[in-house]
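Asker: I'd like to ask you about the structure that follows.
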Amino acid sequence: PKGVNIDNFSREIAKTLEEGRISGAYHKLIIVLAPKLNGLVSQHMNKQVKNKVSYNIPKDLTHLEQFELFNYLVKYIG
């Protein structure tokens, strides 16, 4: 069941990203997800969404505070 839930969640993320692309909610994406979830979401994303991804960071950063996440991304993407 846990694996099924993770797969369903990754499909939902991919669907939300597609809806955002269609509505023009973003022009480029930085994706930061734990490695396993990152791979699943990537499998479910369509080509148009994948073309919007500027950076794909397969790392779990959920433990960081907002300012720490910002500083990490600034260092990562320069």
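The values are calculated or read from the model by the stated rules, or taken from the named source; none is laboratory data. Because the structure is a prediction, the values reported are computed rather than measured. Heads up, the Cβs are rebuilt from the backbone with ideal geometry, glycines too, and the neighbour counts pull from every protein chain shown. Areas reflect the complete protein model, heavy atoms only, side chains present, ligands, DNA and RNA absent. Shrake-Rupley method; radii C 1.70, N 1.55, O 1.52, S 1.80 Å.
Asker: Which residues, taken from segment 52-78, are open to solvent by less than 50 Å² (accessible area, probe 1.4 Å) and assigned to a helix (DSSP H, G or I)? Give the derivation first.
Answerer: Taking segment 52-78 first, the residues open to solvent by less than 50 Å² (accessible area, probe 1.4 Å) are 53, 57, 61, 64, 73.
L73 - this is the single residue of segment 52-78 that is open to solvent by less than 50 Å² (accessible area, probe 1.4 Å) and assigned to a helix (DSSP H, G or I).
Asker: Kindly list, by first and then second residue, each pair from a residue in segment 43-63 that is at pLDDT 95 or above to a residue that is surrounded by 14 or more Cβ atoms within 10 Å (Cβ to Cβ) and hydroxyl-bearing (S, T, Y), limited to pairs with Cβ atoms under 6 Å and residues at least 6 apart or on different chains.
Answerer: H44/S10
Asker: Separate question: Which residue pairs have Cβ atoms closer than 7 Å, lie 6 or more positions apart in sequence or on different chains, and pair a first residue in segment 1-29 that is in a helix (DSSP H, G or I) with a second residue that is surrounded by 11 or more Cβ atoms within 10 Å (Cβ to Cβ) and aromatic (F, W, Y)?
Answerer: Matching pairs, first to second residue: G20/Y26.
Asker: Restricting to segment 17-40, count the residues that are loosely packed, with under 13 Cβ neighbours inside 10 Å and polar (S, T, N, Q).
Answerer: 1
Asker: Here is a check on your reading of the model: is V49 surrounded by fewer than 14 Cβ atoms within 10 Å (Cβ to Cβ) and in a helix (DSSP H, G or I)? Give the steps one after another, and end with the answer.
Answerer: Details: surrounded by fewer than 14 Cβ atoms within 10 Å (Cβ to Cβ): no; in a helix (DSSP H, G or I): yes.
No; evaluated as a whole, the condition is false for this residue.
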